[in-house]
1. Might you check whether a residue that is in a loop (DSSP other than H, G, I, E, B), at pLDDT 95 or above and surrounded by 14 or more Cβ atoms within 10 Å (Cβ to Cβ) occurs anywhere in the range 194-207?
2. Exactly one of these conditions fails for Ala178: (1) in contact with an Asp or Glu (Cβ under 9 Å, 6 or more places away or on another chain); (2) under 20 Å from Asp97 (Cβ atoms); (3) not β-branched (Val, Ile, Thr). Give me its number.
3. Sort out which residues of the range 151-169 are buried (at least 17 other Cβ atoms within 10 Å of the Cβ) and outside any loop (DSSP other than H, G, I, E, B), and write them in order of number.
4. Quick test for you: out of Arg140, Arg161, Arg183, pick the one residue that is closer than 15 Å to Asp97 by Cα, out of contact with any strand residue (DSSP E or B) (no Cβ under 6 Å at 6 or more places or on another chain) and of a type in the set (Lys, Arg).
5. Is it the case that Glu158 is over 21 Å from the mean Cα position of the chain (by Cα) and either without any contact (Cβ under 8 Å) to a residue 40 or more places away in the chain or closer than 30 Å to Gly42 by Cβ (or both)?
6. May I ask you to verify whether Leu146 is among the aliphatic types (A, V, I, L, M) and farther than 24 Å from Val205 by Cβ?
7. Could you list, in sequence order, all residues of the range 171-193 that are β-branched (Val, Ile, Thr) and surrounded by fewer than 18 Cβ atoms within 10 Å (Cβ to Cβ)?
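The values are calculated or read from the model by the stated rules, or taken from the named source; none is laboratory data. None of these values were measured; they are calculated from a predicted model. With ideal geometry, Cβ positions are generated from the backbone for all residues, glycine too; neighbour counts draw on all protein chains shown.
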Amino acid sequence: MSSYPAMAKAPTRKYSPRRSREERREQLLDAALEIVDTQGFGAFSIEAVAREADLAKTVVYASFDNPDALLSAMVDRELERAVADLAAAIPRPPYADPAEVLQAALGAVLQAARRRPATWRIFVLPADGMPPAARAAVERNHQQFLLQIEPLVSWGLEYLRLDHLDAELTTAILIAGAEQGIRLALTDPDHFTDDRLIGFATALVTSFIVPRQA
């Protein structure tokens, strides 16, 4: 009696549970973010997103017409998250002294960056190959944030009796320093701890405080 080897079965795609349109969209945006964060913008494609999400390309195209639409939606979502984090970090009046305001704001931003590192890396450590449209969107939001922060900086300069300084330039320099602090926290968190970064920034501002008359 002759025997025949069993025919090998063709590989099948893992069953994907049914999700709502919005849930599927979020899944695809998460996959796109993971690819950009770990491999760079150059690795992004519909095929790569489909592999990352373990879905057929047709499922991806059912949610996004083309790669540009998917990438733009991902960047927009992460921008919204970062802007929300920044808005939550800005203290509301009445303010204490500038050192306390800076300590609270920087602490909140660093916590947000550690909570969502992939989101924040897009903006403070952008991978090579970021599309011009995405870069322009990041820059627009950056400029809007500077305008939102400038009144708080103006208050701080007046409090410190440094209101002869240019508030716009001071704001730009402070934000650049904060962004560098976030980069250090994301690239070497064990060395550049939150306490170290916040302590340095607070000590720097405190050194400018002039004793106020009662």
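1. Narrowing the range 194-207 to residues in a loop (DSSP other than H, G, I, E, B): 207.
With the extra rule that they be at pLDDT 95 or above, the set shrinks to none.
No, the range 194-207 has no match at all.
2. Result: Ala178 fails condition (1) only.
3. Restricting attention to the range 151-169, the residues satisfying the condition of being buried (at least 17 other Cβ atoms within 10 Å of the Cβ) are 152-153, 156-157, 159-160, 167.
Selection gives Leu152, Val153, Gly156, Leu157, Tyr159, Ala167.
4. On the way: Arg140 fails: closer than 15 Å to Asp97 by Cα; Arg183 fails: closer than 15 Å to Asp97 by Cα.
Only one candidate qualifies: Arg161.
5. Working: over 21 Å from the mean Cα position of the chain (by Cα): yes; either without any contact (Cβ under 8 Å) to a residue 40 or more places away in the chain or closer than 30 Å to Gly42 by Cβ (or both): yes.
So Glu158 passes the test.
6. No: the conditions fail for Leu146.
7. To start, the set of residues in the range 171-193 that are β-branched (Val, Ile, Thr) comprises 171, 173, 175, 182, 187, 193.
Of everything in the range 171-193, those that are β-branched (Val, Ile, Thr) and surrounded by fewer than 18 Cβ atoms within 10 Å (Cβ to Cβ) turn out to be Ile173, Ile175, Thr187, Thr193.
One line per residue, one yes/no per condition, for (1) of a type in the set (Gly, Ala, Ser); (2) closer than 21 Å to Ala73 by Cβ:
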site: Trp120; (1), (2): no, yes
site: Gln148; (1), (2): no, no
site: Ala172; (1), (2): yes, no
site: Leu186; (1), (2): no, no
site: Leu204; (1), (2): no, no
